[in-house]
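Visitor: Got a structure here, written out as C-alpha cells. Questions coming.
Just so it is clear, none of the values below were taken in a lab; they were calculated from the coordinates. Remember, it's a predicted structure, so these values are computed and weren't measured experimentally. Glycine gets a Cβ as well: all are built from the backbone with ideal geometry, and neighbour counts include every protein chain shown.
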Amino acid sequence: MKLKVRRTMTVVDTREIDDAGEAARPPLVKVAVAAVIENPFAGRYVADLKPYIEGSVELGELLGQMALKALGPYQAESYGKAGIVGINGEQEHANALLTTEFAEPVRRAIGGAKAWISSMTKVAAPGTPIDVPMNHKDAIYVRSHYDGMSLTFHDSPAPGEIVLIMCMANRGRLNARVGGLKAADVKGVDGLV
C-alpha cells in the first residue's frame, strides 16, 4: 500500500545550559519529525492491517532521514516513536504503522541500533498532546537516556488522518546522575541489557 503523506513537520529542541547553570558539552539536541498521512481505513473496520505494516517501510525511511537531517552534526543516541490517529480511525492503525518494518529503516539511517524503540499511540482530536518516550538506541536499561518529548500538533490529526512521529536525541539527559548502565558500556551488548 502506498500511503499518502499530506505534510511533514520538524521540531528541534537544543539545550545549551545544564541544570547547574553550566554550558552543556555537547548540548542536548532532541528532534521530533512527523508525517501526517491520510488514513484510508478511517470510518470502517478492516481486519487485515498488513497493508499498513508493509506500507510503513517508506515512512520509516522518510522519518529516519528527516530526523538525521534535523540532528545536524550530531549522532543519534536515543530514539522513540509515536502515533496519533484521528477520531475516525482506531489506535491499532498507528500500531500497525510503527512495527519492526517501520523501525528497521530508521535503525539503518542512524547506522544501526539494537534496542527496541519505545512508543506511544492514541486516538485523539487535533491539538491533543502526546508524550513520546525515548530510550538508548542500543540498550534500553541505560537510565541516563530515559527521556522524551511532549508534542502538540495544533491542527492534526484530522478525523481521517494519522500523525506518525519519530524522536531522536544526541545524548542522555543533562546532569543525569541516577546510576545504572552507562552509554559508554553498551558496545557489543544485547539491546535489552
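Visitor: For the range 5-185, build the charge dipole from Cβ charges (+1 Lys, Arg; -1 Asp, Glu) around the Cα centre, then report which of SER156, THR128, PRO73 sits farthest towards its positive end.
Guide: The one lying farthest along the dipole's positive direction is PRO73.
Visitor: Which of GLU90, GLU54 comes first, and how do the rest follow, when ranked by fewest Cβ neighbours within 10 Å? Each step should come with its number before you reach the end.
Guide: Working: GLU90 18, GLU54 14.
Neighbour counts put them in this order, fewest first: GLU54, GLU90.
Visitor: Share of antiparallel DSSP beta bridges in the range 50-141, in percent to the nearest 5?
Guide: Values: 2 of 8 bridges.
Of the beta bridges lying entirely in the range 50-141, close to 25 percent run antiparallel.
Visitor: Normalising by the residue count of the range 100-176, find the relative contact order in percent from Cα pairs under 8 Å and 6+ residues apart. List each step's numbers first, then the result.
Guide: Details: 98 pairs, mean separation 20.8, N = 77.
After rounding, I find 27 percent.
Visitor: If the elastic network links every pair of Cα atoms under 10 Å, which of ASN88, ASN170, ASN39 fluctuates the most in the Gaussian network model of the chain?
Guide: Looking only at ASN88, ASN170, ASN39, the largest GNM fluctuation is found for ASN88.
Visitor: While we're here: If you fit an axis through the alpha-carbon atoms of helix 100-109 and take the longest principal axis of the Cα set of the chain, what angle between them do you get, 0 to 90°, nearest 10?
Guide: So the helix axis and the longest Cα principal axis differ by about 40 degrees.
Visitor: Suppose every K and R has +1 on its Cβ and every D and E has -1 on its Cβ; what is the size of the dipole of the chain about the Cα centre, in Debye to the nearest 20?
Guide: On the way: 22 positive and 22 negative charges, 59 e Å.
Approximately 280 debye in magnitude.
Visitor: Also, quick follow-up: What is the range 5-185's relative contact order, in percent, from Cα pairs under 8 angstrom and six or more apart in sequence? Walk me through the numbers on the way to the answer.
Guide: Numbers: 440 pairs, mean separation 53.0, N = 181.
Computed value for the range 5-185: 29 percent relative contact order.
Visitor: Quick query: amide H of SER78 versus all other amide H atoms, modeled in the peptide plane; which residues come in under 5 Å with a sequence gap of 5 or more or a different chain?
Guide: LYS137, ALA169, ARG171
Visitor: Sticking with this one: What is the fewest-to-most order of ILE162, ILE87, ILE17, ILE37 by other Cβ atoms lying within 10 Å of their Cβ? Mind showing how you got there, number by number?
Guide: Working: ILE162 29, ILE87 17, ILE17 11, ILE37 25.
The most exposed by this proxy come first: ILE17, ILE87, ILE37, ILE162.
Visitor: Show me the trypsin sites (Lys or Arg not before Pro) within the range 2-67 that DSSP assigns to loop and that have at most 15 other Cβ atoms within 10 Å of their Cβ.
Guide: Numbers: sites: LYS2, LYS4, ARG6, ARG7, ARG15, LYS30, ARG44; in loops: LYS2, LYS4, ARG44.
Loop-located and lightly packed - LYS2, LYS4, ARG44.
Visitor: In terms of Cα to Cα distance under 30 Å, which lysines are near enough to LYS2, apart from those fewer than 8 places away along the same chain?
Guide: LYS30, LYS50, LYS69, LYS81, LYS114, LYS122, LYS137
Visitor: Only one of the values (1) 49; (2) 69; (3) 53 was calculated from this structure for percent of Cα pairs over 21 Å apart; name its label.
Guide: Answer by label: (1).
Visitor: Now for a separate question. What nm value, rounded to one decimal, do you get for the distance between GLU104 and TYR141 when each label is placed 7 Å out toward the C-beta?
Guide: It is 2.8 nm.
Visitor: Where both partners of a DSSP beta bridge lie in the chain, what percent of those bridges are antiparallel, to the nearest 5?
Guide: On the way: 35 of 41 bridges.
Looking only at bridges with both residues in the chain, the antiparallel portion is about 85 percent.
Visitor: Follow-up. Summing Lys, Arg as +1 and Asp, Glu as -1, what charge do residues with Cβ under 12 Å from the Cβ of ARG25 carry, ARG25 excluded?
Guide: Details: positive: ARG15, ARG171; negative: GLU16, ASP18, GLU22.
After counting each charged neighbour, the total is -1.
Visitor: By how many nm would the segment from LYS122 to LYS69 grow when fully extended, if each residue of separation counts as 0.36 nm and the alpha-carbon distance is taken off?
Guide: Numbers: separation 53, 0.36 × 53 = 19.08 nm, distance 2.70 nm.
The span from LYS122 to LYS69 would gain 16.4 nm if fully extended.
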